[in-house]
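**Q** The following block contains the structure, expressed as structure tokens.
The values are calculated or read from the model by the stated rules, or taken from the named source; none is laboratory data. No experiment lies behind these values; they were computed from the predicted model shown. We place every Cβ from the backbone using ideal geometry, glycine too, and count neighbours over all the protein chains shown. Note: accessible area is taken over every heavy atom of the protein model, side chains too, but ligands, DNA and RNA are not part of it. Shrake-Rupley method; radii C 1.70, N 1.55, O 1.52, S 1.80 Å.
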Amino acid sequence: MSKKLKDASTIKEEILKQYPPKVARKRSNAIVVNDPAIDQEILSNVRTIPGIITQRGCSYAGCKGVVLGPTRDIINITHGPIGCGFYSWLTRRNQTKPETEDSENYMPYCFSTDMQDDNIVFGGEKKLKAAIREAYDLFHPKGIAIFSTCPVGLIGDDVHAVARDMKEELGDCNVFGFSCEGYKGVSQSAGHHIANNQIFKHVVGRDNTVKEGKFKINLLGEYNIGGDGFVIDELFAKCGITVISTFSGNSTLGAFERSHTADLNLVMCHRSINYMAEMMETKYGIPWMKINFIGAKETAKSLRKIAQYFEDKELIETVEKVIAEEIQAVEETIKEIRPRTENKLAMIFVGGSRAHHYQGLFSELGMKTVSAGYEFGHRDDYEGRKVIPDIKVDADSRNIEELDVEKDPELYKERKSAADLKKLSDKGFEIADYIGMMPDMEKDTLVIDDISQYETEKLIEYYKPDVFCAGIKEKYAVQKMGIPLKQLHSYDYGGPYAGFKGAVNFYKDIDMMVNTSIWGLIKAPWEKEKQPEISANFVSGAV
Amino acid sequence: MLLRHTPKEEVKREALTINPAKTCQPIGAMYASLGIHGCLPHSHGSQGCCAYHRSTLTRHYKEPIMAATSSFTEGSSVFGGQANLLQAINTIFTVYNPDIIAVHTTCLSETIGDDVNQIAQKAYDDGKVPEGKYVIHTNTPSYIGSHVTGFSNMTASMAKQLSEHTGRDIDQLNIIPGWVEPADMVEIKRLSAEMGVKIVMFPDTSGVLDAPQTGKHEMYPDGGTTIPELKSTGDSIYTIALGKFASEQAAQAIDSKCKVKYDMLDLPIGISATDRFIEALAKRGGVYVPESITKERGQLIDIVTDMHQYLYNKRVAIFGDPDQLIALTEFLIDLNMRPVYVVSGTPGKYFESRIMEIAGNKVPEIKVKNGSCADAFLLHQWIKNEPVDLLIGNTYGKYIARDEDIPFVRMGFPIVDRIGHSYFPTVGYKGGMRILEKILGVLMDKQDKDAKEEKFELVM
């Protein structure tokens, strides 16, 4: 039986009561009682109020940590004091599998200029150059990337000029910089955009070697956390789809350089990588399509969309065969587990796509997502790309460069006519489109952007969910409240969760979390309400 | 090989740090602040700093780490962060209601020159700090020192901004425990109680970062040094500061503000350093060492005498934080082991001189490096050139240990892949026993794993 839930509007009001009036007004627009039947606006991608305990991180984290972190053969040098490099050292679980035992893999390493006070006073460019030389002499990498931390922008170090000079000096090493200072933008999101821009400018399109393959795709916005990318790669291989490049799970510089030779871009995490998809479409004529490999249904749907996009009978058949084969384990597991998970409640507050994607997995278990929101999403991630023309560009977003991209006179090639693309769009293919999370959520669910620690605790108090999904910072506070928290950044060091195999893993992990017996043991026998009678007598005697 | 690109040949580096053996100041300040009861640490800088510090501390403790941020934008970086901090203080007291906010800076707010002292004062003047509540602050520029410096700075700020000399002597000792684990703080309190010495210890993260599962999240758990206790440190009879890098600054601060003298000791890790701590407690507290403590010591010595053959002359590489490494070097030498490589990213000349003072004659082959480019990459190169029998350090050491097949004991910060450090101390004689158990465990596991069938031992 499903739980009777408190009215979402009342909950919203009660949450807002605690805030100072100005804060309450702002938060009121970031909390929406969802109604998929109408267009609703949500305040997002705006500054977090100082003092609010937020989930959000910074631009550097989005750029170096998220987008560039998973590429194994670039030496990523953090230009700044030691902390930023240290904290982003191996902490995101991006798995990588070098081709051979000797192939390049710098991911287990952390490189930093470890700026000192004299670098802050007199400038850090000299030290940065020296660091790049030292890295080159030691490792002879194909690429070196420089990531600016907060003080770098403030003292005026020009990392792009340093990159240009060093690229010329070294000759056979691509050196490029990222102005991803932590104060840029309002969250990790700014860093994603900066990363997209620089990779597009300095890497994509440098190698015109065309890989064999009938159906050539790039997978965008899949970071191979917990091996998700491996599962998806395996599926593609089974279907006969050739992956030219993944941005950026298990990736290499070489694959990025050839990525413009693909015929279709598949966008997994819309928030972090839609810029790349758009720019590649404009410059090279590669159409892009939103897909989702989280959840068995969505995986099947995505594979079918790809097959139909290529309009190839053999591919369509192969995909059906693969789905039929893979779906067996999925159905068996669901059959076994669902009686134990049916009607349980989930809440998801992560990222810029996961809060949407994972709802599918929960519904396959018969669980309802009663409240969800993104940590750094924009309105289009909530309401769909149709709102992009209406989004007001504020001062914080205006500072992030928009590249002026044009058709490449030589490399642009039309893959599909506009009319054909329109036909696919009309069929609901999300061609160059994303419908967003809110239309997929039920009526009267609560959508909350950039949720705070206080709001998290209130929600738990009101809804008593069976599982709460967020990240490491939220995990133990939520669990102290007796609610299991599933980390959807690191998967609690488990996974993979993508594709059919990943779905099976997820079902099992959620079953484990919501049915583990330890939650029932939190209260000591003597703390439970119904005390043994003798103790009751004792207490009344004492009173 | 995970660290497949680390060459054996050591080339001098001056600009590039690879695999650091330190992190930045603010995280140390955040950790120290969590050792005040009812405190919400506040990071005055970009959101990312706060997020990274909270994440790292959470991975280490598997506990909620609550802290707020000034959420700087590009605008605040240009115009200064005063408005952000004032708004943060108001928001925090309204929404999260702590007794005290402990503000630390970041490289961002330091570079633009925000004066947090003046901003905190303004918050008081503007009535943004409710009656009976406090805002303390410290400067933690990330481009100076290390996380240990940040811990030291915040601890010193507690002393400077909260200790009071009322002229009424209180029969208690101040203990500044240094950057140790909650378990160590519990152990220091237990040892003091066992000795019959009343102490006030700060910071004290026990009860905060080892909180029980109760079904309720307490923003401010039971533990932590209370504000009245912190104030009373100015009336104590003496201070015992443990670990020069993390604690001396605070001891000096109380001395200069309230004229409470101090003993500067190494962290009480191992036999000799614990002996000195116990003696100092006895001397300054005016008590005799009870039989029970001598018995604990005897148990530790007994384990060593029993298992000496597995320890004798084993070569050990250690990396991490200076106070721990100094004490650990002495302990290893007491065990007749050979700490041959000692590396810390934290700068400071005292480190090398103290290590050499302890080890110079006994382990003449010792290599010590700290500060700039003293990192785990260098340590790995040393190991490749002349191998060791044991590696001790934080979790990042496991990459070296796996590649080189070296027994590995986790000690230091952060430990993100094992539990136990929050609950079982490494200080005191009991802590020594735990370290020994761990060292012997990994050495013997390796012997078991590598032994040929005919050489496989049942009894060891």
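**Q** So if we plug the beta-carbon distance of residue A:297 and residue A:118 into 1/(1 + (r/R0)^6) with R0 = 60 Å, what FRET efficiency do we get, rounded to 0.05? Don't skip to the end; give the middle numbers.
**A** Working: r = 58 Å, r/R0 = 0.97.
Plugging the Cβ-Cβ distance into 1/(1 + (r/R0)^6) gives 0.55.
**Q** Please report how far the C-alpha centroid of the range B:121-198 lies from that of the range B:366-425, rounded to the nearest whole angstrom.
**A** A separation of 30 Å, based on Cα centres.
**Q** Can you give me the accessible area per residue for chain B, using a 1.4 Å probe, in Å²?
**A** For chain B, the per-residue accessible area is 36 Å².
**Q** Could you work out the relative contact order of chain B? I mean the mean sequence separation of Cα pairs under 8 Å and 6+ apart, divided by the number of residues, in percent. Please report the intermediate quantities before stating the final value.
**A** Working: 947 pairs, mean separation 84.0, N = 460.
Result for chain B is 18 percent.
**Q** Further question: Which percent, nearest 5, of DSSP beta bridges in the range B:294-453 are antiparallel?
**A** Roughly 0 percent of the beta bridges in the range B:294-453 run antiparallel, per DSSP.
**Q** Which whole-Hz ³J(HN,Hα) couplings does the range A:354-363 yield from phi under the Karplus relation 6.51 cos²θ - 1.76 cosθ + 1.60, θ = phi - 60°, glycine and proline marked x?
**A** 4, 4, 7, 4, 6, 4, x, 4, 5, 5
**Q** Would you compute, from DSSP H runs of 4+ residues alone, the mean residue ellipticity of chain A at 222 nm, taking -39500 (n - 2.57) per run and dividing by the full residue count, rounded to the nearest 500?
**A** Details: 21 runs with 233 residues, N = 543.
After summing the helix terms and dividing by the residues of chain A, the value is -13000 deg cm²/dmol.
**Q** Multiplying the sequence separation of residue B:193 and residue B:169 by 0.36 nm and subtracting their Cα-Cα distance, what value in nm do you get?
**A** Stretched out fully, the residue B:193 to residue B:169 stretch lengthens by 6.7 nm.
**Q** Let me ask you something else. Under a point-charge model restricted to the Cβ atoms of Lys and Arg (+1) and Asp and Glu (-1), what is the dipole moment magnitude of the range B:294-453 relative to its Cα centre, in debye to the nearest 20? Before the final figure, lay out each step's value.
**A** On the way: 21 positive and 22 negative charges, 37 e Å.
Taking the Cα centre of the range B:294-453 as origin, the dipole is about 180 debye.
**Q** Now, a different point. Please go through the residue pairs A:486/B:62; A:97/A:305; A:480/B:189; A:214/A:427; A:297/A:508 and name each one whose alpha carbons sit more than 19 Å apart in this structure.
**A** Table pairs above 19 Å Cα-Cα are A:97/A:305; A:480/B:189; A:214/A:427.
**Q** Same structure again: List the residues whose amide H sits under 5 Å from the amide H of residue A:486, counting only those 5 or more places along or on another chain, with H placed 1.01 Å from N in the peptide plane.
**A** Result for residue A:486 returns A:468, A:469, A:470.
**Q** Find how much the distance from residue B:115 to residue B:299 grows on full extension, using 0.36 nm per residue of separation minus their present alpha carbon separation; answer in nm with one decimal.
**A** 61.0 nm
**Q** Give me the number: length gained by fully extending residue A:242 to residue A:99, i.e. 0.36 nm times residue separation minus the C-alpha to C-alpha distance, one decimal in nm.
**A** Stretched out fully, the residue A:242 to residue A:99 stretch lengthens by 49.8 nm.
**Q** Continuing with the same structure: Taking the Cα centre of chain A as the origin, how large is its charge dipole in debye, to the nearest 20, when only Lys and Arg (+1) and Asp and Glu (-1) carry charge on their Cβ atoms?
**A** Charge dipole, chain A, about its Cα centre: 1280 debye, nearest 20.
**Q** Tell me which of A:119, A:242, A:453 sits at the most positive position along the dipole axis of chain A, charges placed on C-beta atoms (Lys, Arg +1; Asp, Glu -1).
**A** The one lying farthest along the dipole's positive direction is A:453.
**Q** Please report the antiparallel percentage of the DSSP beta bridges confined to chain A, to the nearest 5.
**A** Taking every DSSP beta bridge within chain A, about 15 percent pair in antiparallel fashion.
**Q** So for the range A:1-136, averaging the separation of alpha carbon pairs under 8 Å that are six or more residues apart and normalising by length, what relative contact order in percent results?
**A** Working: 97 pairs, mean separation 24.6, N = 136.
Taking the mean separation of contacting Cα pairs over the length of the range A:1-136, I get 18 percent.
**Q** With a point put 7 Å past each Cα toward its Cβ, work out how far residue A:444 is from residue A:518 in nm, to one decimal.
**A** Distance between the two pseudo-spin positions: 3.5 nm.
**Q** Run the dipole for the protein assembly as shown about the Cα centre, Lys and Arg Cβ at +1, Asp and Glu Cβ at -1, nothing else charged, and hand back the magnitude in debye, nearest 20.
**A** 940
**Q** Still on this structure, I have one more. Skipping prolines and chain starts, which residues have an amide H placed within reach, meaning under 5 Å, of the one on residue B:199, given they are 5 or more residues away or on another chain?
**A** Hits under the 5 Å cutoff: B:173.
**Q** Consider a paramagnetic label point 7 Å from the Cα of residue B:122 along Cα→Cβ; state which residues of the range B:61-92 have an amide N under 16 Å from it.
**A** Those under the cut-off are B:70-73, B:75-91.
**Q** Taking 56 Å as R0, compute the FRET efficiency from the Cβ-Cβ separation of residue A:10 and residue A:313 and round it to 0.05.
**A** 0.55
**Q** For a label point 7 angstrom out from the Cα of residue B:213 toward its Cβ, which stretches of the range A:314-343 have the backbone nitrogen within less than 20 Å?
**A** A:341
**Q** Using a Cα-Cα cut-off of under 22 Å, which lysines could be cross-linked to residue B:449, ignoring same-chain neighbours fewer than 8 residues away?
**A** Those lysines meeting the cut-off are B:314, B:384, B:398, B:438.
**Q** Would you mind pulling out the separation of the Cα centroids of the range A:56-85 and the range A:253-303, in Å?
**A** 22
**Q** For residue B:261, which lysines qualify as cross-link partners when the Cα separation must be under 18 Å and same-chain residues fewer than eight apart are set aside?
**A** B:160, B:198, B:231, B:244, B:283
**Q** Lys/Arg Cβ at +1, Asp/Glu Cβ at -1, dipole of the protein assembly as shown taken about the Cα centre: which of B:197, A:189, B:155 is farthest positive-ward?
**A** After comparing all options, I get B:197.
**Q** To continue, here is another question. Relative contact order (percent) for the range B:294-453, with alpha-carbon contacts under 8 angstrom and 6 or more residues of separation?
**A** It rounds to 23 percent for the range B:294-453.
**Q** Shifting gears a bit: Using a 1.4 angstrom probe on heavy atoms only, work out the carbon and sulfur share of the accessible area of the protein assembly as shown in %. Working shown, then result.
**A** Details: 18920 of 37610 Å².
C and S fraction of accessible area: 50 percent.
**Q** Within the range A:95-133, whose backbone N sits under 14 Å from a point 7 Å along Cα→Cβ of residue A:209?
**A** Flagged as within label range: A:99.
**Q** Now, a different point. Report, to the nearest 10°, how far helix A:533-542 tilts away from the longest principal axis of the Cα atoms in chain A, using its own Cα long axis and a range of 0 to 90°.
**A** For A:533-542 against chain A, the angle is about 80 degrees.
**Q** Another question about this same structure. Summed for both chains, how many Å² of accessible area, to the nearest 100, are buried between B and A with a 1.4 Å probe?
**A** Roughly 6700 Å² of accessible surface disappears when B and A pair.
**Q** With all protein chains present, calculate the accessible area of residue B:276 using a 1.4 Å probe and round the result to the nearest 10 Å².
**A** 80
**Q** Do you know which residues of the range A:147-191 lose at least 50 square angstrom of accessible area in the protein assembly compared with their chain on its own, with a 1.4 angstrom probe?
**A** Going by heavy-atom accessible area, the residues of the range A:147-191 that drop by at least 50 Å² are A:154, A:183.
**Q** In addition: Given H placed 1.01 Å from N in the peptide plane, which residues other than close sequence neighbours of residue B:240 have an amide H under 5 Å from its amide H?
**A** Amide H neighbours of residue B:240, under 5 Å, 5+ apart: B:174, B:175, B:176, B:263.
**Q** So, for the range A:162-229, what is the accessible surface per residue at a probe of 1.4 Å, expressed in square angstrom?
**A** Ligands and nucleic acids excluded, the figure is 31 Å² per residue.
**Q** Going Cα to Cα from residue B:295, which aspartates and glutamates come in below 20 Å? Please leave out same-chain ones fewer than 8 positions away.
**A** Qualifying aspartates and glutamates at Cα under 20 Å: B:184, B:187, B:194, B:275, B:279, B:306, B:334, B:437.
**Q** Using only Cα atoms, tell me the angle between helix B:147-162 and the longest principal axis of chain B; keep it within 0 to 90° and round to the nearest 10.
**A** The angle comes out near 40 degrees.
**Q** Taking the Cα atoms only, what angle lies between the long axis of helix B:271-285 and the longest principal axis of chain B, rounded to 10 degrees?
**A** 40
**Q** Given the DSSP H assignment, sum -39500 (n - 2.57) over each helix run of at least 4 residues in chain B and divide by its residue total; what's the result at 222 nm in deg cm²/dmol, nearest 500?
**A** Helix-only estimate at 222 nm: -14500 deg cm²/dmol.
**Q** What nm distance separates the two modelled labels at residue A:338 and residue B:451, each placed 7 Å from Cα along Cα→Cβ?
**A** Taking the simple label geometry, residue A:338 and residue B:451 are separated by 5.4 nm.
**Q** Checking buried surface per residue: for the range B:127-160, which residues lose a minimum of 30 Å² accessible area in the protein assembly relative to the chain alone (1.4 Å probe)?
**A** Buried by 30 Å² or more upon assembly, which counts only protein chains, are B:143.
**Q** Treat each spin label as a single point 7 Å out from the Cα along the C-beta direction, and report the residue B:272 to residue A:165 distance in nm.
**A** 4.9
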